[in-house]
Amino acid sequence: MKEIISNRARLIDASGIRKVFALGALMKDPVNFSIGQPDFDVPEALKEEAIRAIRAGQNKYSQTAGDETLKQKIAAQVGAEFGWANPAVLVSSGVSGGLLLAFMATINPGDEVIIPDPYFVMYKHLVNLLGGRCVFVDSYPDFGLPVEKIAGAVTDKTKMIVLNSPCNPSGAVYSQQQIKALAQVAAERDILVLTDEIYEKFCYDGPCPSIAGYYEKSLLLRGFSKPYAMTGWRLGYVAAHESLKEVIEQMTKIQQYTFVCAPTPFQMAAIAAMDYDVSDYVDEYRRKRDLLYDGLKGTFELVRPGGAFYAFVKAPGGRRATEFVEKAIKNNVLVIPGNVFSEKDTHFRISYATSDEKIRRGVEILCSLA
Ligand code: PMP
């Protein structure tokens, strides 16, 4: 039979995550530390906005780049935050949609993309799909931004540096000093930076510095999925200084022939979301972070996460993390092996976006296995 599946599809290895899901399906009432989304529901006021928009008939395509009012609101917010006079904005189908469009609009086969390791797994697969080459830069053991190593990894083929702060899976928040130093490295070599800030609101020990404030050649990606718990609504945005207008225009062109637009009624709710205060949720998650960290720190090696809702924990006794993860799953705690997010198999990821009771139970079980 003729080969149906493309070589590009075969490049994607989903086995790591699939294995955890398959094992998880056998568990009853597990402590589920694997979920990458908040455990609260969309705030009622925002649900009402979406319902109102649907009832008012706002169910058709929007403009490709997004509803004008939403775009203006985003432009006003990022403009005020970064001092951009006339930012370019594209509303995307989640940050995932924005990532695909950003890579499609910029990466040629053979281009190198520098990515701190551990990393959000989508970057690797999208860059590979497009024939780009991922250059992973180790950020172990503290998961801070490895500026010197990034500078050392730059070649003539480097097209982009990807940043993700707060980071999935490590929960690391890059310091202002690291961000400024990286901005200088990128500026010296004139390299585009993509900054994925989907977790920016979940920052527990102070503000989350953004490279967009220090380097104009930054594509800023932010989303609605995590702060408002609307992962199923598929909404995000890409914004940039007007000097990158051409990149946003190219992305918009590709959106026209792929996603067409982000879901229209939910864009209406996003207008309201931009003024919605989520600090109570953030306070709640800070407390959960402390509950998890304080419970594990005496037994496991882990860095105190500064943001997002993940902790990246070293497998005990120098064991391979996949081995420890299998043991944890057999004991009813679902965690993700670090090699899903990394070229190494030394750590595992915990998502603490769950109830306090589950966090306590999970911590107790994990500590008993160490
Ligand atoms: N970036 C990071 C770092 C993420 O963790 C996620 C979701 N897990 C995304 C992007 C994509 O989120 P969405 O498409 O729902 O906006």
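Descriptive notes on the structure:
- In loop segments of region 253-354 as defined by DSSP, the chymotrypsin sites (Phe, Trp or Tyr not before Pro) with at most 10 further C-beta atoms inside 10 Å of their C-beta are Tyr257.
- Cα-only radius of gyration and Dmax that characterise region 1-159, units Å: 20.6, 58
- Under 23 Å between alpha carbons - lysine pairs in region 264-370 that sit 8 or more apart or on different chains: 16
- Ordering of 240-252, 357-369 by packing is 240-252, 357-369, highest average first (other Cβ atoms within 10 Å, averaged per residue).
- Most fluctuating residue given options Asp290, Asp111, Asp138, as computed from a GNM of the chain linking Cα atoms under 10 Å: Asp290
- Distance between modelled label sites at Ile5 and Arg286, nm, 7 Å Cα→Cβ extension: 4.7
- The Rg/Rh ratio for region 139-282, using Cα coordinates for both the radius of gyration and the Kirkwood hydrodynamic radius, is 0.98.
- Contact order for region 251-370, expressed relative to its length and based on alpha carbon pairs under 8 Å spaced 6+ residues apart, stands at 24 percent.
- Long-range HN-HN contacts of Ile336 with modeled amide H, under 5 Å: Arg349
- The helix-only estimate of mean residue ellipticity at 222 nm for the chain, built from DSSP H runs of length n ≥ 4 each weighted as -39500 (n - 2.57), is -12500 deg cm²/dmol after division by the residue total.
- Cα-based convex hull, the chain, per residue volume (Å³, whole number): 157
- The relative contact order of the chain, computed from alpha carbon pairs under 8 Å that lie at least 6 residues apart in sequence, is 25 percent.
- Antiparallel DSSP beta bridges within the chain, as percent of all bridges there, nearest 5: 45
- Mean Cα-pair separation over length for region 84-173, i.e. relative contact order, pairs under 8 Å, 6 or more apart, %: 31
- The chain: Cys lacking any partner C-beta under 4.7 angstrom: Cys134, Cys167, Cys261, Cys367
- Label point distance in nm, Ala76-Ser279, each placed 7 Å from Cα along Cα→Cβ: 2.0
Laboratory data are not the source of any read-out in this text; all were calculated from the coordinates shown. Predicted, not measured: the structure shown is a model, and the values here were computed from it. Neighbour counts run over all protein chains shown; Cβ positions are idealised from the backbone, glycine included.
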